[in-house]
1. Given the conditions (1) of a type in the set (F, W, Y); (2) under 19 Å from the mean Cα position of the chain (by Cα); (3) modelled with pLDDT of 95 or more, which single one is not true for W102?
2. Report yes if K23 is modelled with pLDDT of 90 or more and loosely packed, with under 11 Cβ neighbours inside 10 Å, otherwise no.
3. Please find, among I49, I130, the residue that is of a type in the set (A, V, I, L, M, F, W, C) and closer than 30 Å to S31 by Cβ.
4. Listed residues R96, R108; which is in the same structural domain as Q176 (by TED's automatic domain parsing), closer than 20 Å to K175 by Cβ and in a helix (DSSP H, G or I)?
5. All but one of (1) in a strand (DSSP E or B); (2) on the phi > 0 side of the Ramachandran plot hold for G54; state the number of the condition that does not hold.
Amino acid sequence: MKKAAEARYAGIGDSAVRAKTGKGWKEWFASLNRAGARKMSHRDIAKYIHKKLGCPSWGCQMVTVGYEQAHGMREKHQTASGYSVSSSKTIGAPARDLFEAWSTAAARRRWLADPALTVRKATAPKSMRITWVDGKTNVEVNFYPKGAKKSLVSVQHNKLADAKDVERKRAYWTKQLERLAGILQG
């Protein structure tokens, strides 16, 4: 007999939320419904969860987002500042090489379809904070060594307009990271 799928909200399963907070989704939702959370702002729900229901501060956002998604108050990938999507790829190159491939417009022109972005902050060879070419959305890039000759690059594109933009950017970043891998792994 096939086991029933575990309830998941905000990308977190019931057993994981219980392990982190002491309560499962059903218990959190019942408590929040009794408190009238459907009429509360995101911030007010998170405060209530922490102050009145005793959720550790690091778990408040997870429970709040899960509640909002389950009750139609927030779509998947939606954040307080728009929508967000992430993409990552493990590439056969050191983190420093990945960082260098992102560091200048000349290097980005080799693999990125839109190389004229603005790097606001860069910490070699770990991360970059970028204003995207549209001047409205932001990109966070992190580089994680996975050995001497292999690294993970993780891209999170924030402040997107809607769910359709999420899917466009997901496809875009998947393709761009494939191109980067092709160049660096040559």
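The values are calculated or read from the model by the stated rules, or taken from the named source; none is laboratory data. The shown structure was predicted, so the numbers you read here are calculated from the model rather than taken from an experiment. Counting neighbours? That spans all protein chains shown, and the Cβs are built from the backbone with ideal geometry, glycine included.
1. (2)
2. Spelling it out, it is not the case that K23 is modelled with pLDDT of 90 or more and loosely packed, with under 11 Cβ neighbours inside 10 Å.
3. Exactly one residue qualifies, and that residue is I49.
4. Result of the check over R96, R108: R108.
5. Every listed condition holds for G54 apart from (1).
A quick yes/no check of all residues on (1) over 15 Å from the mean Cα position of the chain (by Cα); (2) of a type in the set (V, I, T); (3) under 30 Å from S41 (Cβ atoms); (4) modelled with pLDDT of 95 or more:
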{"site": "P94", "(1), (2), (3), (4)": "yes, no, no, yes"}
{"site": "A107", "(1), (2), (3), (4)": "yes, no, no, yes"}
{"site": "W111", "(1), (2), (3), (4)": "yes, no, no, yes"}
{"site": "V141", "(1), (2), (3), (4)": "no, yes, no, yes"}
{"site": "K149", "(1), (2), (3), (4)": "yes, no, no, no"}
